[in-house]
Amino acid sequence: MKKHDKNVTYVTEFILIGFPSPWEAEILLFLVFLLILVATMLGNIIIIVLISVDYRLQSPMYLFLCNLSVIEILMTLTVVPKMMQNFLLERKNISFYGCLTQSYFYFLFGTSEYVLLAMMSYDRYVAICFPLHYSTIMNEKVCINLVVGSWLIGFFSILVPTVMKLGLPYCGPNVINHFFCDSAPLLHLACTDIRLVEFIDFLVSLPVILGSLVLTLISYFYILNTILHIPSATGRQKAFSTCASHFTVVTIGYGTSVFIYVRPSQASSMNLNKIASLFTTAVTPMLNPIIFTYRNQIVQEVFKDSVKKYLGTAKQAG
């Protein structure tokens, strides 16, 4: 559908190409992403519930992890259900305002996540480099301010580029070569000079992604230096284990995002971007709960105790 204004025709919806496939393949993809969606929701909800109800997980590290799980759930729900719906539809459309809304919230949650990951690295830095002062430095007020700050940075940093995209004229074509309303393919449908908006997008991505990455690398430089000076092998192994999961998530997350977004022009490798975007929108939100709990003995103990308690309660009720 299009609307007319003074001899100019503007699109009112976009078509998401996604992953063009035969009908049978799209049904298979729908089932695969349904399993991914269920696993993502279940894994992150379990993390949130365990951290919320058990006193053993009432510490800054787990407060950050809880918020990370909230972000992962919201990011997944922003993109994956619409993608799954389009697997089942012949006409894979999304409204103009629905597209801009999806784009805004995707980048809001993505930006907040990377800022939060940087703050989690700072938390690990304080815990390992200043263990005796940890409770004083990372007190409740500081932790809450850091979490709120991550959301505020995401909200305000994405607001200006989104408003600029909203003000651009889109006269057609209206086909987006992606499975969601990513910034680059959307911008290249505007029937005007987009260099300024692209540059603003680049300027926003640069400090958020690379800035938070630099802060993370600095934290890990001091963490590694401290760990290497720990005299006992057991102490070094224990210190490494507290950082391994976070470092894994950081490596996957920053690696894909730097590849996708921190470039002045992204139109030439859109198909590669689609594959890489699957990691940030579907795969990593599913894997992160597993990564953070795989070697975390406390979380595993809390989970086992919770299951035993639930089974015991169910048995008594039965």
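The structure-derived value of Rg and Dmax of the Cα atoms in Å appears in the list (i) 18.9, 59; (ii) 21.9, 77; (iii) 20.2, 61 under the label (ii). Debye-formula intensities of segment 189-231, expressed as log10 I(q)/I(0) at q = 0.16 Å⁻¹, are -0.58 (one equal scatterer per alpha-carbon, no solvent).
Computed from the Cα positions only, the extents of segment 1-144 along the three principal axes stand at 68, 43, 24 Å, in decreasing order. Dividing the radius of gyration of the alpha carbons in segment 16-71 by their Kirkwood radius gives 1.26 for Rg/Rh. Dividing the mean sequence gap of close Cα pairs (under 8 Å, 6+ apart) by how many residues the chain holds gives a relative contact order of 26 percent.
In the elastic network of the chain, a GNM with C-alpha springs shorter than 10 Å, the most mobile of Tyr62, Tyr97, Tyr254 is Tyr97.
Note on segment 3-98: dipole from Cβ charges, positive end direction compared against Leu35, Gly98, Ile15; the farthest Cα belongs to Gly98. When the convex hull of its Cα atoms is viewed from all sides, segment 60-102 shows a mean projected area of 3.6 nm². With viscosity 1.306 mPa s and temperature 10 °C, the Kirkwood radius over alpha carbon pairs of segment 82-121 converts through Stokes-Einstein to a diffusion coefficient of 132 µm²/s.
Pair-distance distribution P(r) for segment 25-109, from all Cα-Cα distances in 5 Å bins starting at 0: 3, 13, 19, 17, 17, 13, 8, 5, 3, 1, 0 percent. Charging the Cβ of each Asp and Glu at -1 and of each Lys and Arg at +1, and nothing else, the dipole of the chain about its Cα centre rounds to 380 debye.
Comparing segment 77-220 with the 2.2 N^0.38 Å rule of thumb, its C-alpha radius of gyration ratio is 1.30 (two decimals).
In the chain, a dipole from Cβ-located charges (positive for Lys and Arg, negative for Asp and Glu) runs towards its positive end, and of Ile176, Trp151, Ala127 it is Ala127 whose Cα lies farthest in that direction. Estimated from helical segments only, the mean residue ellipticity of the chain at 222 nm is -24500 deg cm²/dmol, where each DSSP H run of four or more residues counts as -39500 (n - 2.57).
Every number here is computed from the coordinates shown, using simple stated rules; none is lab data. No experiment lies behind these values; they were computed from the predicted model shown. Heads up, the Cβs are rebuilt from the backbone with ideal geometry, glycines too, and the neighbour counts pull from every protein chain shown.
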